[in-house]
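The values are calculated or read from the model by the stated rules, or taken from the named source; none is laboratory data. What you see is a predicted model; the values in this text were computed from it and never measured. Cβ placement follows ideal geometry from the backbone for every residue including glycine, while neighbour counts extend to all protein chains displayed.
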Amino acid sequence: MPAFKNPSFQERQEAAARARNDALAKYRAKPPVDQALMAERAARRQAREAAEAEKRAAARRAKEEAAEAKREQERQAAAAAEAEAKAKAEAAAQARNEATAKKVAERKNWTEEDRKAARDARYAARKARQARR
């Protein structure tokens with residue numbers, strides 16, 4: 001087996017030139033680009049991109065519609081809760097008014113002894129509160 005021989009500068013230059021020429025020959029041997037085939041590929045790519053864009057837009061619209069439906073449902077629930085709270089407040093106010101009217105009507109029928117008993121009960125309650133302090 002022969003020993004390794006370092007190539008000279010000129011040999012390296014010649015090898016590089018051969019490699020360049022081989023690459024150029026290989027490039028020139030390629031068949032020319034068919035414009036019809038390239039146009040067909042471009043059309044398919046554009047169609048695919050348009051379909052993907054439409055799919056993304058449809059998904060975005062569906063997501064926005066779902067979010068809007070959820071917001072509308074929350075608004076309706078809030079309105080129902082507000083109406084219910086308002087109805088409860090009105091019912092409580094009406095009950096208080098009725099109770100007050102009932103007490104006033106009953107007090108009109110009280111005798112002097114009833115008034116004295118109520119006054120004594122208030123006095124005793126006030127003294128009991130003061131004694132707790």
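Checking segment 53-73 against the condition returns no match, with no residue being among the polar types (S, T, N, Q), more than 28 Å from the chain's Cα centre (by Cα) and part of a helix (DSSP H, G or I).
Take the conditions under 50 Å from the mean Cα position of the chain (by Cα) and either surrounded by fewer than 10 Cβ atoms within 10 Å (Cβ to Cβ) or not basic (Lys, Arg) (or both) and apply them to Ala118. Does it pass?
Working: under 50 Å from the mean Cα position of the chain (by Cα): no; either surrounded by fewer than 10 Cβ atoms within 10 Å (Cβ to Cβ) or not basic (Lys, Arg) (or both): yes.
Spelling it out, it is not the case that Ala118 is under 50 Å from the mean Cα position of the chain (by Cα) and either surrounded by fewer than 10 Cβ atoms within 10 Å (Cβ to Cβ) or not basic (Lys, Arg) (or both).
All of Glu90, Glu64, Glu106 fail the test of being at pLDDT below 90 and of a type in the set (Asp, Glu), apart from Glu106.
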